[in-house]
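S.K.: Below are the structure tokens for one structure; questions will follow.
FYI, it's all coordinate maths here, none of it is from the lab. Quantities reported herein were computed from a predicted structural model and do not represent experimental measurements. Because the Cβ atoms are built from the backbone with ideal geometry, glycine has one as well, and the counts that use them run over all protein chains shown.
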Ligand SMILES: [Fe+2]
Ligand SMILES: [Fe+2]
């Protein structure tokens, strides 16, 4: 059953992440995202955020497919959608067990800046006209409704030891300095400061049930870290960031750390170890709903939408609420 909001929302964001769209490997994700966006647009959310790993393999055809889908929902607009980049958008990922051994080589030969350009071109309508840091897209700032949304690129370049599979993160010093300058600007004083970043700030403890998920996550967990996480968090704290939206872990969770609320979700989630009592049905689509009230209150709900079955269009919803 759908629940009533505890606060009176004036602005509602639907936070989606890790859609891993790939016509070659993940066709089912296209159908899932279509269903989720149908629900989100029907419900009239003010804004949609996707926090990276939007494409499955970072290929042109993946991004073409994403663009087509977002366009068909009228979402390719500055006011309606904000996105940030994930490791799969640059390096892709392992989709078959036999690719595991060649994946390091694939990451090594990936031209990082070319993929960054492709990402920027794909979502160009949603980005500010003028990038903050000269030619570079990240970090960007967007003012939508009562929010200042800051998009950060946390994808570390390939390194044979520090980032052999492309999935470790780092926010460059240059980017962090720009974030600090942006967020300290007095024009943002009355706005709620919200960061969009792919990497996580929680302890990564998924509880994967299927063998393939276990295999995948034991591989990924070794290489999922955000290097220099503490420094990034301290910058957020100093600058008055109130909400951070991220993905990457595929764990659906909302947590608080030093006064900042973190919203984490994924199209296909894995169960968090600490959430052993929560059901995690694969037939449900997940996203987080972030509501902002007139007096600046924030409420985050973990939303679940049942995938409509043939001949049955009814949907039910679950929720977990976090209020500040
Ligand atoms: Fe992902
Ligand atoms: Fe990721």
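S.K.: Quote to one decimal, in nm, the extra length available between residue 162 and residue 10 on full extension: 0.36 nm per residue of separation minus the C-alpha distance between them.
M.R.: 50.4 nm
S.K.: By how many nm would the segment from residue 173 to residue 42 lengthen if fully extended, with 0.36 nm per residue of separation less the alpha-carbon distance?
M.R.: Using 0.36 nm per residue and subtracting the Cα-Cα distance, I get 43.1 nm.
S.K.: Which whole-number percentage describes the relative contact order of segment 1-75, with Cα contacts under 8 Å and a sequence gap of 6 or more?
M.R.: Taking the mean separation of contacting Cα pairs over the length of segment 1-75, I get 40 percent.
S.K.: So what's the gap between the Cα centers of segment 176-196 and segment 226-243, to the nearest angstrom?
M.R.: Measuring centre to centre over Cα atoms gives 12 Å.
S.K.: Right, something else. Compute for segment 1-104: radius of gyration divided by Kirkwood radius, i.e. Rg/Rh, restricted to C-alpha atoms, rounded to two decimals.
M.R.: 1.04
S.K.: Ratio to report: Rg/Rh of segment 52-112, with Cα atoms as the point set and Rh obtained by the Kirkwood method; give two decimals.
M.R.: Radius of gyration relative to Kirkwood radius: 1.07.
S.K.: Can you tell me which of 58-68, 242-252 comes out highest on packing, and rank the rest after it, using the mean Cβ neighbours within 10 Å?
M.R.: 242-252, 58-68
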